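To start, the structure itself, in structure tokens.
The values are calculated or read from the model by the stated rules, or taken from the named source; none is laboratory data. Since this is a predicted model, take the numbers as computed values, not measurements. Cβ placement follows ideal geometry from the backbone for every residue including glycine, while neighbour counts extend to all protein chains displayed. When the accessible area is computed, the model is the full protein with side chains, heavy atoms only, and any ligands, DNA or RNA have been set aside. Shrake-Rupley method; radii C 1.70, N 1.55, O 1.52, S 1.80 Å.
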Amino acid sequence: MKIRTFIRHAREGTRNVVRNGWMTFASIGAISISLFILGVFLILAMNVNYLATQIESQVEIRVYLEVNTTEAQIQNVQSQIAAIPDVGVITYVSKEDGIKILREKLGDDGRDLLEGFDGENNPLNDSFTVEVTDPHLVSIVAEQIVAINKGTDPQPIYKVSYGKGTVETLFKITEIVRNVGLVFVALLAFTAMFLISNTIKITIVARRKEIGIMKLVGATNGFIRWPFFIEGGFLGLLGSLIPVVILLYGYMELYNYTKLELGLMLIKLIPIEDLFWSVSGLLLGIGVIIGIWGTLLSVRKFLRV
């Protein structure tokens, strides 16, 4: 296609957007409402998945050592844990550090409960906090850590804890939440595509006589289609820009408003910069593609004169 011809089609397509008044308004309105609803649930699903990932990342293994374990044994256990595949970060927590952490967690209300538990009276064990590269492998890694005791006398490890049973249930719940969110967003996307394409079809149907006349005077199918394609794509772009701006502005306000409150609960929303490109790109892409697709299906019917 020549550049001059394409410019003519683009000019004609944008002119039709302005000329068709109420039909243009109806198409943009249908696209905006459909994509706004889709965008709300998309952002919700993304944040639920983000929250599930945060919860999974907090799963860790606590390795408690026997009382009176020597420094050499501690170093030996640490090196053996580090050699286990899928082990990420290992943090040694002495019983002195452990009692400090416990006091911080209990706060002023629990200060009296720990009175006198210092020095030789400290009842806690030295321990390691082990993070794994894949939270779903935590049970396998825990079993390998327990196996360090085999063939060792005296055994240096007192207990290995990772919330057995609770962790497996947690992973099942997060997987179900992810799958339900994905299915729900997919269904909403399909519904939005159906509503938008049918609205654009109505716009084209209202101009079927115009298409018939152009065919009768000898216009080729391509010559007729292109202005409608550009018009459909332009309608899709305009209709998707509105929900993108509203959603991102609203999410930014919500993120800033709840940042402190949710932060105290150790819950975080997806940062706006991480959400911007994925939501914008998806909604704008859906709007333009559906605009052109709906036009293609509608115009094809009336080209058979």
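Matching residues to (1) surrounded by 14 or more Cβ atoms within 10 Å (Cβ to Cβ); (2) in contact with an Asp or Glu (Cβ under 8 Å, 6 or more places away or on another chain); (3) modelled with pLDDT of 85 or more; (4) β-branched (Val, Ile, Thr):
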position	(1), (2), (3), (4)
Ile196	yes, no, no, yes
Leu235	yes, no, no, no
Gly263	no, no, no, no
Leu266	no, no, no, no
Glu273	no, no, no, no
Gly287	yes, no, no, no
Trp293	yes, no, no, no
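Do we find a residue being in contact (Cβ under 8 Å) with a residue 40 or more places away in the chain, within 30 Å of Val48 (Cα to Cα) and in a strand (DSSP E or B) anywhere in the stretch 143-158? Checked the stretch 143-158: no residue is in contact (Cβ under 8 Å) with a residue 40 or more places away in the chain, within 30 Å of Val48 (Cα to Cα) and in a strand (DSSP E or B).
As a summary of the residue check, Gln73 satisfies the conditions (1) polar (S, T, N, Q); (2) within 30 Å of Glu168 (Cα to Cα); (3) modelled with pLDDT of 80 or more; (4) surrounded by 13 or more Cβ atoms within 10 Å (Cβ to Cβ) except for the one numbered (2).
For the stretch 92-111, taking the residues that are open to solvent by 60 Å² or more (accessible area, probe 1.4 Å) and at pLDDT 75 or above, the one that is farthest from Lys268 (Cα to Cα) is identified as Glu96. Within the bounds of the stretch 49-70, is there any residue that is open to solvent by less than 50 Å² (accessible area, probe 1.4 Å) and farther than 27 Å from Ser127 by Cβ? Yes: the stretch 49-70 contains one or more residues that are open to solvent by less than 50 Å² (accessible area, probe 1.4 Å) and farther than 27 Å from Ser127 by Cβ.
Taken residue by residue, the stretch 49-63 has at least one member that is at pLDDT 80 or above, more than 29 Å from Lys150 (Cα to Cα) and assigned to a helix (DSSP H, G or I). If I filter the stretch 65-84 for residues that are farther than 30 Å from Ser280 by Cα, in contact with a Pro (Cβ under 6 Å, 6 or more places away or on another chain) and part of a helix (DSSP H, G or I), do I get at least one hit? Yes, the stretch 65-84 has at least one match.
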